[in-house]
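Undergrad: One structure, pasted below without further comment.
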Amino acid sequence: MNEARAHITVPFRNSLMARVMLGVLALLAGGGLIVAIASLAYGKHAARQSYDRLLLGAAQDIAESTKIVNGVPIVDLPISAFSLLSLALDDRISYAVRDASDQLLTGYETSPISLDRTEKVLFDADLQGEEARFATVARRFAERDYSGTVYFTVGHTLRARNAMAIELTKTALLGMGVAGLVLLICSFFVIRSTMRPLQHMASDLLNRDPYDLTPMPAQGPSEVTVPIVAMNQFMRRLDRQVSAMRNLISDTAHQLRTPVAAIRAHAELVADQDVPDQKQQALDRLLKRTRSLGNLLDQMLSRAMVIHRADNAPPEAVDLRDIALHVVELNDHMVLSPDAVVELVIDDDEIIVFADELSLREAVKNMLTNALKHGISPIRVGVTGKDGFGEIWVSDAGPGPSDDVLNRIGDSFNRFAASKGTSAGLGLSIVNAVAEAFHGTVHIGQIDGAFRVTIALPTIRPQNET
């Protein structure tokens, strides 16, 4: 058992646990990438808003400190404006004050001019070969000796902004990384706990006896019970196959021993006979025994074939009328009972069932053979439809066996009195096996003054019906 368990051990990289963990890791990585992009965008937006307000505040302070003296705007640069600009330590700054005609009053000539003449403007421009951000505030003067608008422009480079955006992104990613690691660890334990029923199922299978094909208990989550139910169905089919082989071997060893010994004894008796009449009688008995052995072998092989096909041959739509017509047209009754009258009773309407055509033929042939051997002519083979079931039946004019025999009929190797030792008793056992395989039933008894054996199977709608 340990060798078997070691043999089926699956490396972690190929296990379902590894696949699920890789899937979770991929989801977390994809989510982390999306969050990182969103964090960077948020960081840039937050940094831009913060430093834009500093620029607007500095420009507003300069505008408020400007006065008109002798008809000329005089700019008194406030300390508060430069205090605001100094918050961006590594950035270069630039400022300019211009009148309505864009004449520079004070500041740097290199400071860009905004084309937008609204009250407050924020725009991007170049500052000595480096990207920069500028804010322009307009103040209108209406005094006796001066009337017009003065524009105050303040700007700085983007180093502090970018550093702030990166710092915010790092902080968000750090928190997300810690949360992702915690989620990954929790996912591992949750997935491991979820996989435990599968491990129990595998352990139960490994610890089972190789010949134990009994169903496993369908316990646990539905995702686990589904494969257990499917496995139980497979084991039931396998158990039927193994049981059929065992029964065939057992029945063959048990049932063939006596007829083979009898044939050998009759053959030796024929070899020892010198009188022609006695020798002929011994040959007749030997022929009878040989035929009986042939019938036994035929029925045993037919039963094994039917059980095998019931689990392996896929069922298909079959018209019961075709089965009855095929069995009657074989004319086997001309060999078994030349004097018997066999009638076919079918209607024009289709009787479609879901079954294996070969197994059905074998079952109806055995029904007809039993009627020919043990019944009274005329023999009728018919098909009828009734209450959602299709019935294919064989009847004869005889009274049928007694109630005691009817209670045992259908068992393997069961001979009733009428057989006189010429039947293997497997015919109706085959009929029962076919009916059970395709969810049908077998009815045996008197109907309308005749002894009838019927196979009833659920019908399906014919293809020509809408």
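Since every read-out is calculated from the coordinates, none of them should be taken as a lab result. Because the structure is predicted, anything quoted here is derived from the model rather than measured. Cβ placement follows ideal geometry from the backbone for every residue including glycine, while neighbour counts extend to all protein chains displayed.
Undergrad: Would you tally the net charge around Arg53, using a Cβ to Cβ cut-off of less than 14 Å, leaving Arg53 out, and scoring K and R as +1, D and E as -1? Please report the intermediate quantities before stating the final value.
TA: Values: positive: Arg48, Lys120, Arg133, Arg161; negative: Asp52, Asp61.
Charge balance near Arg53 sits at +2.
Undergrad: Each residue of the stretch 61-72 in order: what ³J(HN,Hα) in whole Hz does its phi give by Karplus 6.51 cos²θ - 1.76 cosθ + 1.60, θ = phi - 60°, with x for Gly and Pro?
TA: 5, 5, 5, 6, 8, 7, 10, 9, 10, 6, x, 10
Undergrad: Now a separate question. Using Cα centres only, tell me the gap between the stretch 77-113 and the stretch 130-188 in whole Å.
TA: One Cα centre to the other: 18 Å.
Undergrad: Against the globular-protein guess of 2.2 N^0.38 Å, express the Cα radius of gyration of the stretch 1-205 as a ratio, rounded to two decimals.
TA: Computed over Cα atoms of the stretch 1-205, the ratio equals 1.84.
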